[in-house]
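Please treat every number below as a calculation from the coordinates, not as lab data. Fair warning: this is a prediction, and the values are worked out from it, not measured in the lab. Positions of Cβ are generated from backbone atoms using ideal geometry, with glycine treated the same way; all protein chains shown enter the neighbour counts.
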Amino acid sequence: MRILVADDQDEVRATLVRMSQDMGHEVVGEARDGEETVALARETAPDLLLLDIRMPKMNGIEVARALIGERPVAIVIVTAYADDALIEEAAEVGVFSYVIKPVTRNRLAAAVSTARARFADLQVLREEVGGLKDALEARKLVERAKGIIMRDLEVGEQEAYRWLKKTSSHSNHKLADVARRIVALETDRRV
């Protein structure tokens, strides 16, 4: 994985970098504060961020909120603070794992592995939801187009659907695209 490490303590950051590299990951950047983390993440597009919570300029949760709002990314919080409110806030923002310092290689490896797996699961779900939304939108367009065809050609629902399918086949366009054009023409005609 391509990892960005952010911690304001040089010694801790160096340890996290070394552990990440020892686990076979590529460290694409190191940051000392929240603003630098956001800038580096935008520049390097890492697969995973290791973030300290208490950093200057922006804390880790603010960084997570900003970056997750721009694009999905796996995040592991690495911190000395085991405060329940911080853990809950991190989870609400979308952080995948939370490791309390001092960090061992095994604990970091487990957190990174868990974050990677949960992130992959989330990506699959997002793709499925996107596919379902697209299918639902296409179905709505087809239904609207059928209604227009039924009215204009004075035919029943099955005949309107057959007409759509035939037009789709002959024009070599997807059924939803044909329906979209019919609905757009109807909208233009009304305007």
Practice prompt. Hey, can you grab everything whose amide H is under 5 Å from the amide H of G29? Only 5+ residues off in sequence or another chain; H modelled, so Pro and N-termini drop out.
Written response: V5
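What area, in nm² and to one decimal, does the C-alpha convex hull of the stretch 46-123 cast on average over all directions?
5.0 nm²
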Worksheet item: Each residue of the stretch 143-155 in order: what ³J(HN,Hα) in whole Hz does its phi give by Karplus 6.51 cos²θ - 1.76 cosθ + 1.60, θ = phi - 60°, with x for Gly and Pro?
Response: 4, 5, 5, 4, x, 5, 5, 4, 5, 6, 9, 6, 10
Item to complete: With label points built 7 Å along Cα→Cβ from the Cα atoms of A14 and T104, find their separation and express it in nm.
Response: 2.3 nm
Item to complete: Quick one: compute the contact order of the chain, relative version, from alpha carbon pairs under 8 angstrom and 6+ residues apart, as a percent.
Response: 14 percent
Item to complete: Read phi for every residue in the stretch 158-169 and hand back ³J(HN,Hα) as whole Hz from Karplus 6.51 cos²θ - 1.76 cosθ + 1.60, θ = phi - 60°, with x for Gly and Pro.
Response: 5, 5, 4, 5, 4, 4, 4, 5, 5, 4, 4, 5
Discussion item. Rounding to the nearest 10 and keeping the result within 0 to 90°, find how far the Cα-based axis of helix 84-93 lies from the longest principal axis of the chain.
Written reply: 30 degrees
Worksheet entry | Relative contact order computed over the stretch 2-103 (Cα-Cα under 8 Å; 6+ residues apart), in percent | 25 percent
Discussion item. Can you list residues from other chains, or at least 5 along the same chain, whose modelled amide H is less than 5 Å from the amide H of A74?
Written reply: L49
Practice prompt. Mind running the shape call on the stretch 67-110? Use the C-alpha gyration tensor, a ≥ b ≥ c as the square roots of the eigenvalues: rounded below 1.5 for a/c, prolate if a/b tops b/c, oblate otherwise.
Written response: oblate
Item to complete: Sort the stretch 1-61 into rounded, prolate or oblate with this rule: let a ≥ b ≥ c be the square roots of the eigenvalues of the Cα gyration tensor; rounded if a/c is under 1.5, and if a/c is not under 1.5, prolate when a/b is larger than b/c, oblate otherwise.
Response: oblate
Response to the item:
quick shape note, the stretch 59-191: Cα extents on principal axes in Å, largest first -> 74, 30, 20
Practice prompt. Hand me the trypsin sites (Lys or Arg not before Pro) from the stretch 31-102 located in a DSSP loop with no more than 15 other Cβ atoms within 10 Å, in residue order please.
Written response: R54, K57
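May I ask you to work out the translational diffusion coefficient for the stretch 2-103 at 20 °C, viscosity 1.002 mPa s, via Stokes-Einstein with Rh from the Kirkwood sum over Cα pairs, reported in whole µm²/s?
Using the Kirkwood radius from Cα pairs, D works out to 164 µm²/s.
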Response to the item:
Rounded to the nearest whole number, the Stokes-Einstein translational diffusion coefficient of the stretch 129-190 at 20 °C and 1.002 mPa s (Kirkwood radius, C-alpha pairs) in µm²/s is 182 µm²/s
Worksheet item: How many angstrom lie between the C-alpha centres of the stretch 33-110 and the stretch 163-184?
Response: 47 Å
Item to complete: Find the Rg to Rh ratio for the stretch 115-164, where Rh is the Kirkwood radius over alpha-carbon pairs and Rg uses the same atoms.
Response: 1.38
Item to complete: Treating the angle as unsigned and between 0 and 90°, give the value, to the nearest 10°, between the Cα long axis of helix 60-70 and the longest Cα principal axis of the chain.
Response: 20 degrees
Worksheet entry | For the stretch 44-49, 3J(HN,Hα) per residue [Karplus equation, 6.51 cos²θ - 1.76 cosθ + 1.60, θ = phi - 60°, Hz, x = Gly/Pro] | 9, 6, x, 7, 8, 10
Practice prompt. Could you list which residues have their amide H under 5 Å from that of Y98, counting only those 5 or more apart in sequence or on another chain, with H placed in the peptide plane?
Written response: I77
